[in-house]
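Undergrad: The structure that follows is given in the form of structure tokens.
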Amino acid sequence: MSTFTLAEKILSHAVGRSVRAGEMITVRPDVIMAHDSLTPAIIKIMRERLGVAHVADPSQVVMVMDHVAPASNVATANSQNIIRRFAREENLRLFEVGRGICHQVLVEEQIARPGRVIIGSDSHSTSYGAVGAFGTGMGSTDIAVAMGTGKTWVRVPETIRVRVHGRFRPGVDAKDLALWLARDMGLAGATYAAIEYLGLEWLPLPGRQTLASMAIELGGKAGIFPADGDVARRFDVPDWLTVDEDAQIKRELHIYLDEIEPQVAVPHSVDDVVDISQIAGQPVDVVFLGTCTNGRYEDMRTAAEILQGQRLAPGLRMLVTPASSQELQKAIGDDTMTTLLAAGVTLTTPGCGPCMGRHQGTLGDGDVCLSTGNRNFKGRMGHPSSQIYLASPAVAAATALTGRITDPRTIEEYRPQTTDHSDSRPVV
Amino acid sequence: MSRVWKFGSDVDTDQIVPGRYAPFMLKEGQDVKDYAFIEARPDFARNARPGDVIVAGKNFGCGSSREYAPEALRRRQIGGIIAVSYARIFFRNAINLGIPVIEAPDVVDALEDGMEIEVKWASGQLKSDSGQLFELPPMPAFATEIIAAGGLTAFVRKYGRFPGEK
């Protein structure tokens, strides 16, 4: 048996011998990522509990200020200064406030690339699978021990294949597929497993990032795309990183895109998902467009096409948080951002924004939010009596226009295209 | 005796400790241990005692990777967790912090909220207040090694390697 899953190939390459699902291995990750929210704790664990004063290999470590950036109070400001000092002393790469969300920045900087092993202090580190890397999230102790020793332990995961057939219908995109998978597989549907997405070689990188970021919402350890299509055009791909069709897998799901309508996750669970027709008309106070799942140029562009020449519904507020400074620049480079601003949106600093309820739009008692993010757990974005619906950027913009959850295909001025705009992405 | 705090399925880490109570959001003198289940189960936040046991359904600890969720439970000195299953990152985090995490669907079914029980974590023996005896299934070998050492940092410090590493 000489066939392997993508997860097995990447981990085998990292340890220099063939490894199989189920094996416990000690691996030297190519990248160890930590963000502002947890790094002060990580430093403390490394120095005090592990008793190691310095990072084992500074070239492995990348730090990003994105969770509460810029700082919201004296405590967060001071804790970020601890990170700045540490990065300076240890000679680490640090992406400052405003550069963007860790998962977007590492892809833009090509620190995340095909075939790499990347561990991050953030659960959405599965995002790196969008570029054909093995990305997985870990807690502070794991990251601290990895920084201090250069290594971590991993159980090589079994693989669940998601084989996709057909193309999205107009007005439906990768987010609807991600929510559809949550609906089908449930919050624990891929626990301990890697997801391998097949049949999407035509899907551009942004849609792959949307899907891979949400692999964790199914409990996945990783969510890996073959490094083909748009990714092969942007990145160098190692010749060993190919899909073995006959590799040993745990399970295969077939998804037919022509069956999928716009999807909405309703409070308070990511896998409590309905067709938009079942929830259309629900009044909304806040629309949030952003996050590692849906804060890119393409997402803002989709919203701008729907909001073109219109104003937000009276009494509704809409927050737009670009995933990175580069994505923001692209939206400024054409009329995307001016269209959104003319419609009345509030633009916030590139980063995680209000996704985890700490700043830049924390929800109050009873607030109802429709978010393009990835989690709608109770209290996630603020007060526990607030409610979060999750949907695509097109649904978010259509909802912003009417003040109620709205199917974008019912907006007369909007002529949705299929989302295969692989050649339309502006070059920065 | 230890009290059983019983939870349902899919308890996410936002419920264990909401992001707004992250340690670095707290003021001087506040401790994350006082915010464990502060919103989802305020009686736990008020009344949980050292040694108490969390009993839960499927996929306990899903969502955010925040280690301060199991850290709050560790500082609260809970005896351990018995669940039908765990989310992957939480499972790792708990083991790394030295918290016993047992998968035992039958035992979960038999235990009710508020029961007083006695658990010997090392030998896996559990006795309920009515005298019923249960055998807890063992954790994976690497997890037992880490927990016996007092957590991952203690293990690596003591042995200079990872569990299973030569």
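Undergrad: Other chains' Cβ within 10 Å of A:78-85 residues: what's the mean? Please list the in-between numbers first.
TA: On the way: counts 1, 4, 1, 0, 1, 0, 0, 0.
Neighbouring Cβ atoms belonging to other protein chains average 1 per residue here.
Undergrad: Taking all protein chains together and a probe of 1.4 Å, list B:E103, B:E112, A:E261, A:E8 from the most accessible to the least accessible. Don't jump to the answer; show the numbers that get you there.
TA: Details: B:E103 75, B:E112 100, A:E261 50, A:E8 5 Å².
Final ranking, largest accessible area leading: B:E112, B:E103, A:E261, A:E8.
Undergrad: Any idea of A:H54's accessible area? Nearest 10 Å², probe 1.4 Å.
TA: Surface open to solvent at A:H54 totals about 120 Å².
Undergrad: Also, quick follow-up: Of A:I405, A:I332, which has the most accessible area and how do the rest follow, probe 1.4 Å?
TA: Working: A:I405 5, A:I332 105 Å².
Descending accessible area places them as A:I332, A:I405.
Undergrad: In addition: Scan around A:M318 for amide H atoms under 5 Å from its own, H built in the peptide plane at 1.01 Å from N, and keep only partners 5 or more places away or cross-chain.
TA: So A:M318 has HN proximity to A:V287, A:T346.
Undergrad: Counting only helical runs of four or more DSSP H residues, what would the 222 nm mean residue ellipticity of chain B come to if each run contributes -39,500 (n - 2.57) and the total is spread over all its residues?
TA: Working: 7 runs with 50 residues, N = 166.
Counting only the DSSP helices, I get -7500 deg cm²/dmol.
Undergrad: So if I take the centroid of the Cα atoms in region B:99-166 and the same for region A:1-43, what is the distance between those two points in Å?
TA: 26
Undergrad: Per residue of region A:334-349, what does 6.51 cos²θ - 1.76 cosθ + 1.60 with θ = phi - 60° give for ³J(HN,Hα)? Whole Hz please, x for Gly and Pro, Karplus curve as stated.
TA: 10, 8, 4, 5, 5, 5, 5, 5, 5, 6, x, 6, 9, 9, 10, 4
Undergrad: To the nearest 500 deg cm²/dmol, what mean residue ellipticity at 222 nm is calculated for chain A from DSSP H runs of n ≥ 4 alone, each contributing -39,500 (n - 2.57), summed and divided by the residues? Show your work: numbers first, answer last.
TA: Details: 13 runs with 119 residues, N = 428.
So the helix-based figure for chain A works out to -8000 deg cm²/dmol.
Undergrad: To continue, here is another question. Taking the DSSP beta bridges in region A:265-410 as the whole, what percent of them are antiparallel, to the nearest 5?
TA: Numbers: 3 of 18 bridges.
Of the beta bridges lying entirely in region A:265-410, close to 15 percent run antiparallel.
Undergrad: Return the sequence-ordered ³J(HN,Hα) values of region B:135-149 in whole Hz as given by the Karplus equation 6.51 cos²θ - 1.76 cosθ + 1.60 applied to θ = phi - 60°, using x for Gly and Pro.
TA: With the stated coefficients, region B:135-149 comes to 9, 7, x, x, 7, x, 3, 4, 5, 4, 4, 5, 5, 4, 7 Hz.
Undergrad: How would region B:62-159 be classified by its alpha-carbon gyration tensor: rounded, prolate or oblate, with rounded meaning a/c under 1.5 and the a/b versus b/c comparison settling the rest? Please report the intermediate quantities before stating the final value.
TA: Numbers: a/c = 1.94, a/b = 1.52, b/c = 1.28.
Prolate.
Undergrad: Let me ask something else about it. Inside 10 Å of the C-beta atoms of A:22-30, what's the mean count of C-beta atoms belonging to other chains?
TA: Partner-chain Cβ atoms within 10 Å, mean over residues of A:22-30: 2.
Undergrad: Taking amide H atoms as placed 1.01 Å from N in the peptide plane, list the residues 5 or more away in sequence, or in a different chain, whose amide H sits under 5 Å from that of A:S385.
TA: A:G366
Undergrad: Ordered by residue, what ³J(HN,Hα) values in Hz, to whole numbers, does region B:21-34 give under the Karplus form 6.51 cos²θ - 1.76 cosθ + 1.60, where θ = phi - 60° and Gly and Pro are x?
TA: 10, 3, x, 7, 8, 8, 7, 3, x, 7, 10, 4, 4, 7
Undergrad: Using the basic label-point model (7 angstrom from Cα toward the beta carbon), what is the A:Q282 to B:E116 distance in nanometres?
TA: So the label points at A:Q282 and B:E116 sit 4.5 nm apart.
Undergrad: Only bridges with both residues in region A:7-257 count here: give the DSSP antiparallel percent, nearest 5.
TA: On the way: 4 of 32 bridges.
Antiparallel bridges: around 10 percent, rounded to the nearest 5.
Undergrad: Right, here's the next one. In the protein assembly as shown, what is the volume of the convex hull around the alpha carbon atoms, normalised per residue and reported in Å³?
TA: Numbers: hull volume 84.3 nm³, N = 594.
Expressed per residue, the convex hull around the Cα atoms of the protein assembly as shown is 142 Å³.
Undergrad: While we're here: List the aspartates and glutamates whose Cα sits under 14 Å from the Cα of A:K250, skipping any in the same chain fewer than 8 residues away.
TA: A:E8, A:E158, A:E196
Undergrad: Let me ask something else. Considering only protein heavy atoms, what is the solvent-accessible area of B:F134 at a probe of 1.4 Å, reported in Å² to the nearest 10?
TA: Around 40 Å² of this residue is reachable by solvent.
Undergrad: At a Förster distance of 22 Å, what's the computed FRET efficiency of B:K158 paired with B:D31, Cβ-Cβ distance as r, to 0.05?
TA: Details: r = 27 Å, r/R0 = 1.25.
Working from the Cβ atoms, E equals 0.20.
Undergrad: Can you tell me how region A:7-257 classifies by the Cα gyration tensor, rounded, prolate or oblate, using a/c under 1.5 as the rounded cut?
TA: Working: a/c = 1.96, a/b = 1.50, b/c = 1.30.
It comes out prolate by the Cα gyration axes.
Undergrad: Let me ask something else. Taking the Cα centroid of region A:324-387 and of region A:136-201, what is the distance between the two, rounded to the nearest whole Å?
TA: First find each Cα centre; the distance between them is then 24 Å.
Undergrad: I would also like to ask the following. Using amide H atoms built in the peptide plane, which far-off residues or other-chain residues are under 5 Å from A:L198 H to H?
TA: It is A:V162, A:R163, A:V164, by chain and number.
Undergrad: Order the following by accessible area, largest value first: A:T346, A:T5. Probe radius 1.4 Å; ligands, DNA and RNA are ignored. Don't jump to the answer; show the numbers that get you there.
TA: Working: A:T346 70, A:T5 0 Å².
Solvent-accessible surface, decreasing: A:T346, A:T5.
Undergrad: Follow-up question, since we're still on this one. Heavy-atom accessible area per residue, the protein assembly as shown, 1.4 Å probe: how many Å²? Present the calculation step by step, with values, prior to reporting the outcome.
TA: Working: 20690 Å² over 594 residues.
I get 35 Å² per residue for this part.
Undergrad: Now a separate question. For A:H254, what accessible area in Å² do you get when you roll a 1.4 Å probe over the heavy atoms of the protein chains, rounding to the nearest 10?
TA: The accessible area comes out at roughly 90 Å².
Undergrad: While we're here: So for region B:13-166, taking the charge dipole from beta-carbon charges (+1 Lys/Arg, -1 Asp/Glu), which of B:P23, B:L126, B:N59 sits furthest toward the positive end?
TA: So the residue we want is B:P23.
Undergrad: On to the next question. Lysine pairs in region B:31-161 8 or more apart or on different chains: how many have alpha carbons under 26 angstrom apart? If you can, show how the numbers build up before the last one.
TA: Values: B:K33/B:K58; B:K33/B:K120; B:K58/B:K120; B:K58/B:K127; B:K120/B:K158.
Close lysine pairs found across region B:31-161: 5.
Undergrad: Given a 1.4 Å probe, show me the residues in region A:31-77 buried by at least 20 Å² of accessible surface when comparing the whole protein assembly to the chain alone.
TA: The answer is A:S37, A:L38, A:R49, A:L50, A:A75, A:T76 - residues whose exposure falls by at least 20 Å² when every protein chain is included.
Undergrad: Which whole-number percent gives the relative contact order of region A:7-257, counting Cα pairs below 8 Å spaced six or more residues apart? Each step should come with its number before you reach the end.
TA: Values: 540 pairs, mean separation 58.0, N = 251.
It rounds to 23 percent for region A:7-257.
Undergrad: Bin width 10 Å, alpha-carbon pairs only: give the P(r) of region A:1-125 as whole percents, running from 0 to the bin holding the largest distance.
TA: Over region A:1-125, the share of Cα pairs per 10 Å bin runs 12, 39, 31, 14, 4, 0 percent.
The values are calculated or read from the model by the stated rules, or taken from the named source; none is laboratory data. Values in this document were obtained by computation on a predicted structure and should not be read as measured data. So basically every Cβ, Gly included, is an ideal-geometry build from the backbone, and we count neighbours across all protein chains shown. For the accessible areas, the whole protein counts, side chains as well, though only heavy atoms, and no ligand, DNA or RNA atoms are used. Shrake-Rupley method; radii C 1.70, N 1.55, O 1.52, S 1.80 Å.
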